[in-house]
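Working notes for the structure below.
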Amino acid sequence: MSDVVAFAGHQVHVCRYREAGTLLDWLGRDLRGRTVLDVAGGDGYWAAQARRRGARAVSIDLARHKMVRGARLRDAPALLEGDALRLPLRDASVDRVLSICAIEHFDDGPASLREMARVLRPGGELVMSADCLSRREEWPALFAAHARRYHVKRTYTHETLGGILADCGLEPVEHSYQFRGRAAERTYLGLSAYGGRFGFNAAAPLVPLIAADDARRPNTRGSIVLVRARKPH
């Protein structure tokens, strides 16, 4: 039953299914022999998906109650209690780093990226997403409600992330925005601010419509930014 509940919570979701699915595709379909670290991975659900692809998967988070739930997953990864700003791992010890909409909640986002870069092996890759909310000035009350509810400290664009990643010694490879259109971004903020506990989940039927709309829009702005970067050899 734990897997069914986790699937409903993580994948029956207006943004997380496509967001995390893209990041997992960037990680690769065959992860055999690779060590994958999910930073701020909560219950470890997405790290478990990497494990299903053959990875040695590790999820790090500070929320012990989430890890207790995650330990019951069928393909549970290794679950470590730890701080994203001080990762309890050796230098150059992992092949891939995954981080799903976590950095915007950290007091020091650049410090967390330096830690992710530190533990990444040369030739390894970081795939991540973050809140961008490029039109937040149009709906300040909605953005304020979103930021309060989800403890958002800072938003990012692919340019700002690219600069921070470069300072960490990583080379940006590609990026993608989701919820690119004005109506889509307004929907995202409205669901976040007033959708209730299950608002994002209830709006899951909108996923194909939003994906089709995104495909028609320039890849320059949106609610969520996804970035892939590589550590040079």
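Observations on the model:
- Springs join every pair of Cα atoms under 10 Å in this Gaussian network model of the chain, and among H65, H146, H13 the largest mean-square fluctuation is at H65.
- Given [x] 125; [y] 114; [z] 140, the label whose value is volume of the Cα convex hull per residue in Å³ derived from this model: [y]
- Rounded FRET efficiency, nearest 0.05, which uses the C-beta distance separating R230 from D108 and R0 of 22 Å: 0.45
- For the range 124-233, the relative contact order works out to 50 percent when only alpha carbon pairs closer than 8 Å and six or more residues apart are counted.
- Cβ-based net charge around S223, under 11 Å, with every Lys or Arg adding one and every Asp or Glu removing one: +2
- Total charge dipole magnitude, the chain, about the Cα centre, Cβ charges on Lys, Arg, Asp, Glu only, Debye to nearest 20: 440 debye
- With θ taken as phi - 60° and the Karplus curve 6.51 cos²θ - 1.76 cosθ + 1.60 applied, the whole-hertz 3J(HN,Hα) list for the range 173-186 is 10, 7, 8, 8, 10, 10, 6, 6, x, 4, 5, 5, 5, 5 Hz, x standing for glycine and proline.
- The chain: most fluctuating residue of R53, R186, R32 per GNM, C-alpha cutoff 10 Å: R32
- When both bridge partners sit in the range 2-230, DSSP labels roughly 45% of those beta bridges antiparallel.
- Only Cα pairs under 8 Å and 6+ residues apart enter the sum, and on that basis the relative contact order of the chain stands at 22 percent.
- FRET efficiency, S93 to F7 (Cβ-Cβ, R0 30 Å, nearest 0.05): 0.50
- Here r is the Cβ-Cβ distance between T220 and D83 and R0 is 35 Å; the resulting FRET efficiency, rounded to 0.05, is 0.55.
- Comparing H146, S99, Q49 along the charge dipole axis of the chain, the residue lying farthest to the positive side is Q49, per the Cβ-charge model.
Throughout, read-outs are computed from the coordinates displayed, never taken from laboratory work. None of the values given here were measured: they were computed from a predicted structure. We place every Cβ from the backbone using ideal geometry, glycine too, and count neighbours over all the protein chains shown.
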